[in-house]
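Novice: The structure is given below, and queries will be raised subsequently.
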Amino acid sequence: MMEQRILDIADQLLLIEQELKVQGWWSEAAPSAEALASVEPFAVDRLSFEQWLQWIFLPRMRVILEHGHPLPNASGILVMAETVFVDRPEQSRELRRLLATFDQLIGPGA
């Protein structure tokens, strides 16, 4: 049986995806292979944070969950989101709340 924490994380990923769509931050067109190959944290040199969430973070987390790979033992996504959305506090409120919950689910002692 799948651990409740895994189910909670999977639910959280769906909510993050849904919120990106609600805000109009979901893109139908994939970034270039070069952009997706960025080695910078959050691919900051080539992708917007929203693109990183959609094209790197969500697919990576799905692979981890679907294949039972070990979860990352820490997540600092909220810190990045707070920086990125400093000029969009209202519009990003729900996404930041969802990312905060994700960080808590991933974090030590979760």
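Here, each number is a calculation from the coordinates, and none is a lab measurement. It should be emphasised that the depicted structure is a prediction, and the values quoted were computed from it without experimental measurement. All Cβ positions, even for glycine, are placed from backbone atoms using ideal geometry, and neighbour counts span all protein chains on display.
Novice: Multiply the residue gap between His67 and Leu14 by 0.36 nm, knock off their C-alpha separation, and tell me the result in nm, one decimal place.
Specialist: Values: separation 53, 0.36 × 53 = 19.08 nm, distance 1.73 nm.
Roughly 17.3 nm would be gained on extension.
Novice: With Cα extents along the principal axes in Å in mind, check (1) 38, 32, 23; (2) 42, 42, 20; (3) 49, 29, 23 and report the label derived from this structure.
Specialist: The value matching this structure is (1).
Novice: At 0.36 nm per residue, minus the direct Cα-Cα distance, what do Glu3 and Asp45 gain on full extension? Give it in nm, one decimal, please.
Specialist: Working: separation 42, 0.36 × 42 = 15.12 nm, distance 3.60 nm.
Length difference between fully extended and current span is 11.5 nm.
Novice: Work out the length of the dipole vector of the chain about its Cα centre, built from +1 on the beta-carbon of each Lys and Arg and -1 on the beta-carbon of each Asp and Glu, and round it to the nearest 20 debye.
Specialist: On the way: 9 positive and 16 negative charges, 21 e Å.
Roughly 100 debye for the chain.
Novice: Give me the one-decimal nm value for the distance between modelled label points at Arg60 and Glu34, 7 Å along each residue's Cα-to-Cβ direction.
Specialist: Taking the simple label geometry, Arg60 and Glu34 are separated by 2.1 nm.
Novice: State the answer as a single residue: which of Leu78, Val44, Trp26 lies farthest towards the positive end of the charge dipole of the chain, with beta carbon charges of +1 for Lys and Arg and -1 for Asp and Glu, about the Cα centre.
Specialist: Leu78
Novice: Now for a different question. Per residue of region 91-107, in order, report the coupling 6.51 cos²θ - 1.76 cosθ + 1.60 (Karplus, θ = phi - 60°) as ³J(HN,Hα) in whole Hz, putting x for Gly and Pro.
Specialist: Values, residue by residue: 4, 9, 3, 5, 4, 5, 4, 5, 5, 4, 5, 4, 4, 5, 5, 7, x Hz.
Novice: Please tell me the relative contact order of the chain in percent, rounded to the nearest whole number, where contacts are Cα pairs under 8 Å and at least six residues apart.
Specialist: Here the relative contact order equals 33 percent.
Novice: Assuming 0.36 nm per residue, please report the length gained on full extension of the stretch Gln91 to Ala74 beyond their Cα-Cα distance.
Specialist: Extra length from Gln91 to Ala74 when fully extended: 3.5 nm.
Novice: Can you list the HN-Hα couplings for region 58-69, worked out from phi with the Karplus curve (6.51, -1.76, 1.60; θ = phi - 60°), rounded to whole Hz and with x for Gly and Pro?
Specialist: Ordered by residue, 3J(HN,Hα) equals 4, x, 5, 5, 4, 4, 4, 5, 5, 9, x, 5 Hz.
Novice: Which of the peptides 24-36, 68-80 is most tightly packed, and how do the rest follow, going by the mean number of other Cβ atoms within 10 Å of each residue?
Specialist: The packing order, highest mean first, is 68-80, 24-36.
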